[in-house]
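The values are calculated or read from the model by the stated rules, or taken from the named source; none is laboratory data. Please read all numbers here as calculations on a predicted model, not as lab measurements. Neighbour counts run over all protein chains shown; Cβ positions are idealised from the backbone, glycine included.
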Amino acid sequence: MNKTLRYGIVLAAIITGINLFFSTISYIIILNISQNAFTELFFIVLAAILSASLTTYFIVAASPIFKEYLTTFRRILRLESLSHPLMVRLSHEAPGTYHHTLTVANIAARASKAIGVDSLLTRVGAYYHDIGKIMDPDFYVENQAPNKNNHDDLLPQESAKIIIEHVQKGIELAKENHIPAEIINFIQQHHGTSTVNYFYEKSKQSTESTKKADFKYSGPKPQSTEIGIVMLADILEATVRSHPNPTVQEIRETVNTIIEQKINEGQLDNCNLTAKQFVKLRRSFIESLNAIFHQRIQYPKKTAKN
Ligand SMILES: [Fe+2]
Ligand SMILES: [Fe+2]
């Protein structure tokens, strides 16, 4: 259920509560102290005035908040169509990242549905999470040609710096294009404070003065369940894709290992995920990744005789 709908239901429940409260109070007063038709009428009118005034006051006070949520909801809904100029640019200038993005969005939205959080917000957040890669697409493995690696001539620190920068570049690009703050949070938090391990390990092999801080994203860690789900779907998609032909068992192990790793690193500390939800998330990720990456049994090709 999305936030707008939740706020609508809460608003309706409070208004109903106010009306119910005053109707009950007036009924009790009438039963106990009314002596004639005039007193009875007086209390009924008084209760109706109080009830109507408080309801009106509450609606007027709450309407800007409700309107803001409704506007944000409409803007997010519009971004789901993928026709936004930024998404069109991503598909042309970084096709590998665009493909990765759509896969992450499908995996994450399905996982969100499985645990009952906002799957629309998750999907749209995932669409934009790597939008900053538009600026230097060739430095990301998913956009590189098989025998060409732009990092070959760089120091590990320089490579990590370029990779980490896709977060800040994405935030700037999104702000310039008036992307809502709720979506910018996904860009900013999807790597949390994790480390660019590949280049960190590479640097450690060549120099003893390697500082871990040079290889870390600046965060913050995901601050919502939806962003935590995108963080997991993002790493899972990239990891499973790097296996040539992952088996069902390998996919299950990858999901379990990566979720444990992120929990131990504390990256999911602010996502309000329960043990029960983690079980459902694991199941959903395994099902999605199997459906996308697991090679099915090859059927024999038809011969002329067949
Ligand atoms: Fe990223
Ligand atoms: Fe990504």
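General observations
- Scanning region 123-135 for residues that are more than 14 Å from ligand 2 (Cβ to nearest atom) and surrounded by fewer than 19 Cβ atoms within 10 Å (Cβ to Cβ) turns up at least one hit.
- Only residues that are surrounded by 19 or more Cβ atoms within 10 Å (Cβ to Cβ) and more than 21 Å from the chain's Cα centre (by Cα) were counted in region 89-103, giving 1.
- Scanning region 82-112 for residues that are away from ligand 1 (no atom under 16 Å from the Cβ) and in a loop (DSSP other than H, G, I, E, B) yields Leu82, Ser83, His84.
- Test: Asn106 is within 16 Å of ligand 2 (Cβ to nearest atom) and surrounded by fewer than 18 Cβ atoms within 10 Å (Cβ to Cβ): yes
- Only residues that are of a type in the set (S, T, N, Q) and in contact with a helix residue (DSSP H, G or I) (Cβ under 8 Å, 6 or more places away or on another chain) were counted in region 244-269, giving 3.
- Checking the stated criteria, Asn143 turns out not to satisfy the condition of being buried (at least 19 other Cβ atoms within 10 Å of the Cβ), within 14 Å of ligand 1 (Cβ to nearest atom) and under 19 Å from Val230 (Cα atoms).
- Residues that are within 14 Å of ligand 1 (Cβ to nearest atom) and in a helix (DSSP H, G or I), drawn from region 208-240: Ile227, Val230, Met231, Leu232, Ala233, Asp234, Ile235, Leu236, Glu237, Ala238, Thr239
- Flag for Val196 being closer than 21 Å to Ile76 by Cα and at pLDDT 95 or above: no
- Taking the conditions (1) of a type in the set (Ser, Thr, Tyr); (2) exposed (fewer than 13 other Cβ atoms within 10 Å of the Cβ); (3) closer than 18 Å to Cys271 by Cβ in turn, Thr193 satisfies each one other than (2).
- Pair list, Cβ < 6 Å and 6+ apart or interchain, from region 226-241 residues that are closer than 18 Å to Thr274 by Cα to residues that are among the aliphatic types (A, V, I, L, M) and within 14 Å of ligand 1 (Cβ to nearest atom): Ile229/Ala108; Val230/Ala108; Val230/Ala126; Ala233/Val104; Ala233/Ala108
- Checked against (1) within 14 Å of ligand 2 (Cβ to nearest atom); (2) touching a Phe, Trp or Tyr at 6+ places or on another chain (Cβ under 7 Å), Lys169 meets all criteria but (2).
- You will find that of Lys211, Lys221, the residue that is basic (Lys, Arg) and exposed (fewer than 13 other Cβ atoms within 10 Å of the Cβ) is Lys211 and no other.
- Phe199 being assigned to a helix (DSSP H, G or I), farther than 19 Å from Ala94 by Cβ and either touching a strand residue (DSSP E or B) at 6+ places or on another chain (Cβ under 9 Å) or not charged (D, E, K, R) (or both): yes
- Annotation for region 257-267: at least one member residue is surrounded by 11 or more Cβ atoms within 10 Å (Cβ to Cβ), modelled with pLDDT of 95 or more and part of a loop (DSSP other than H, G, I, E, B).
- When Ile76 is tested against (1) over 30 Å from Leu102 (Cα atoms); (2) of a type in the set (Val, Ile, Thr); (3) in contact (Cβ under 8 Å) with a residue 12 or more places away in the chain, just one condition goes unmet, and that condition is (1).
- Scanning region 122-140 for residues being in a helix (DSSP H, G or I), within 13 Å of ligand 1 (Cβ to nearest atom) and over 22 Å from Lys212 (Cα atoms) gives a total of 9.
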